[in-house]
Amino acid sequence: MTMKKKLKVAAGSLLGIMFLFSAVLLIHIVVMVKNRKPLPAATLQMARADFKQPVPDQVMQTIQQAVSRQKGVKETYYNAGSRMLVYTYDNKVNTAEAIYASAIRPSGMSSERHLVSQSEATKGCPAMDNHSFYGKLTNMVARVVN
Amino acid sequence: MQTQKTKLLFIIAAMLSFAVILGSCSKDDKPVTPPTPIATSPLYDTLGWFIQGGQGAVEGNGTKMIADPDNSGQTIQAGRLAIRTVVNKALMVIAADTAINIYFPTLLAEVGAGNTTGYAHLRETFTDFVQQAVSGQQIYKGMTMKAAHNFATYNRFGSAAHPTSDEADFNRFIGDVVIAAQSYNVPNSVIAQLGVLLSSVKGDIVY
Ligand code: HEM
Ligand code: HEM
């Protein structure tokens, strides 16, 4: 076989493999998303604030009420032992920062909004992240087949 | 050229079988046909009755279809709604429990980063599991409890430092579910029955 012919075969194989992988990926996505029902409260997000000192019950009650009044907030929960306040909210309507800034920081109690580190943030599954390339591709396929 | 062709054919065959294997991972492609009549139990009825305000007769309330507050235009079995409500709260309790939240690194990182699909998915599978345990309806399609609760078989569970949970973790986890149920004033007699059911999977999770 000549050099040129070998190159042709190599290039052809490469293209073929790329095509097959893409097809496999697409088929996989179609199979996964076909007939997938919308998840309830799919845009519900959870956020956490860590308090640096014990918070008196009365004060915590006021804070939780203030948080609950924010747009999109669904529920709050405070663990006095770990001093963590957890709140869930619809991330289409509000952000964790805004809720923290308007309902938790003004309480006068020293606290910090919990943030995930960059390395933690990349641990998730790309197919489930609506902002990633795979997430977008997945949503696109879902719209086409469903 | 003949050998090249055979090789190429071989590669294509390998890819196709790979595609078939990936495709067979799917669990969601067929709609489940609910068995008629839909299975229920006194506990399931009690939960469904409770979430609707606890008025009148208890019987039949587990499988009664009511509007889903979290999914506009959809209906949901009242018993399932009660279970899902407690499950959703339990995940908040767990997120604030430093002894247990270390087992959920991927989930909590995803949620913190604004990627909510895994969280929504877990609320569903967890609800499916409990609904099946309580009502007898065969709806759970997730992993076995053993596979889901070991870092070696499911990398969303724990970490290399905490690959499996022990008995203390398990009891604490049940305690977090109880706290969640209590926050809705679920009667202790009902919580006790739930606790017994949940404890029955201990052997698959602590090992
Ligand atoms: C080595 C690679 C991969 C493996 C082993 C894998 C395996 C899986 C498994 C086991 C599930 C089921 C999860 C569950 O619902 O319990 C799943 C779901 C899914 N995968 Fe893959 N996958 C891989 C790569 C990908 C890629 C690259 C994409 C997309 C571009 C993708 C798209 C999806 C989608 C859309 C779902 C459904 C998610 C949902 O239910 O919301 N997968 N995959
Ligand atoms: C009554 C006891 C328990 C029940 C009924 C239960 C049930 C479940 C179910 C149904 C799943 C989803 C599996 C799937 O998606 O296929 C799951 C996942 C998980 N469970 Fe449990 N579990 C229990 C106890 C525990 C304990 C004691 C821990 C930790 C200490 C734990 C940590 C986790 C984690 C980290 C996941 C993966 C979450 C993710 O999706 O990222 N579970 N469990």
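Picking from A:ILE104, A:ILE63, A:ILE17, which is most flexible by a Gaussian network model of chain A using Cα springs under 10 Å?
Of the options given, A:ILE17 has the highest mean-square fluctuation.
Once the dipole of the protein assembly as shown is set up with Lys and Arg at +1 and Asp and Glu at -1 on Cβ about the Cα centre, which of A:ALA23, A:PRO106, A:VAL9 lies farthest towards its positive end?
So the residue furthest toward the plus end is A:VAL9.
Over chain A, what lengths in whole Å, largest first, do the semi-axes of the equivalent ellipsoid take, defined as the square roots of 5 times the eigenvalues of the alpha-carbon gyration tensor?
49, 19, 11
What's the local net charge at B:THR117, with K and R +1, D and E -1, over the other residues with C-beta under 9 Å away?
Residues close to B:THR117 contribute a combined charge of -2.
Return the Cα extents of segment B:42-205 along principal axes one, two and three, sorted largest first, each rounded to a whole Å.
51, 33, 28
Take the alpha-carbon positions of the protein assembly as shown, form their convex hull, and give its projected area averaged over all directions (one quarter of the hull surface) in nm².
Average of the hull's projected areas for the protein assembly as shown equals 23.1 nm².
To the nearest 10 square angstrom, what accessible area does B:HIS162 show with a 1.4 Å probe?
70 Å²
Report the FRET efficiency, 1/(1 + (r/R0)^6), for B:SER159 and A:TYR134, where r is their Cβ-Cβ distance and R0 is 25 Å, rounded to 0.05.
With R0 = 25 Å, the Cβ-Cβ based efficiency is 0.60.
Using a simple charge model, +1 on the beta-carbon of Lys and Arg, -1 on the beta-carbon of Asp and Glu, nothing else, what dipole does chain A show about its Cα centre, in debye to the nearest 20?
So the dipole magnitude of chain A works out to roughly 940 debye.
With every protein chain left in place and a probe of 1.4 Å, what is the accessible surface of B:ILE38, to the nearest 10 Å²?
Here the accessible area works out near 70 Å².
Under a Cβ-only charge scheme (Lys and Arg +1, Asp and Glu -1), can you give me the dipole magnitude of the protein assembly as shown about the Cα centre, in debye to the nearest 20?
1760 debye
Express the C-alpha Rg of segment A:88-144 as a ratio against the empirical globular expectation 2.2 N^0.38 Å, rounded to two decimals.
1.56
Take peptide A:110-117, look around each residue's Cβ out to 10 angstrom, count Cβ atoms belonging to other protein chains, and average those counts.
Details: counts 0, 0, 0, 0, 4, 2, 8, 3.
Rounded to a whole number, the mean comes out at 2.
Hey, how many Å between the Cα centroid of segment A:1-75 and the Cα centroid of segment A:87-102?
19 Å
From the protein chains alone at 1.4 Å, what is the descending order of accessible area for A:TYR134, A:TYR89, largest first?
Reading off the accessible areas and sorting them downward yields A:TYR134, A:TYR89.
Work out the count of Lys pairs in chain A where the Cα-Cα distance is under 19 Å, with the pair 8 or more places apart or on different chains.
Step by step, the pairs that qualify in chain A add up to 6.
A:TYR100 accessible area, nearest 10 Å², 1.4 Å probe?
Only protein atoms counted, so the area is about 10 Å².
Based on C-alpha coordinates, I'd like the Rg and Dmax of segment A:44-120, in Å.
Answer for segment A:44-120, Rg first and Dmax second: 11.8, 37 Å.
Mind grabbing the interface size between B and A? I mean buried accessible area, both sides, 1.4 Å probe, in Å² to the nearest hundred.
Using a 1.4 Å probe, the pair buries roughly 3900 Å².
Keeping every protein chain in place, order A:PHE19, B:PHE50 by accessible area at 1.4 Å, biggest value first, i.e. largest first.
Ranked list, largest accessible area first: A:PHE19, B:PHE50.
Give the distance, in whole Å, between the Cα centre of segment B:33-99 and the Cα centre of segment B:113-184.
17 Å
Taking a 1.4 Å probe, which of B:ARG123, B:ARG172 shows the most accessible area, and what order do the others take after it?
On the way: B:ARG123 10, B:ARG172 115 Å².
Ranked from most to least accessible, the order is B:ARG172, B:ARG123.
The values are calculated or read from the model by the stated rules, or taken from the named source; none is laboratory data. As the structure is a computational prediction, the values presented were derived from the model and not from experiment. For neighbour counting, all protein chains shown are included, and Cβ atoms are generated from backbone atoms with ideal geometry for every residue, glycine included. The accessibility values were calculated without ligands, DNA or RNA, using every heavy atom of the protein model including side chains. Shrake-Rupley method; radii C 1.70, N 1.55, O 1.52, S 1.80 Å.
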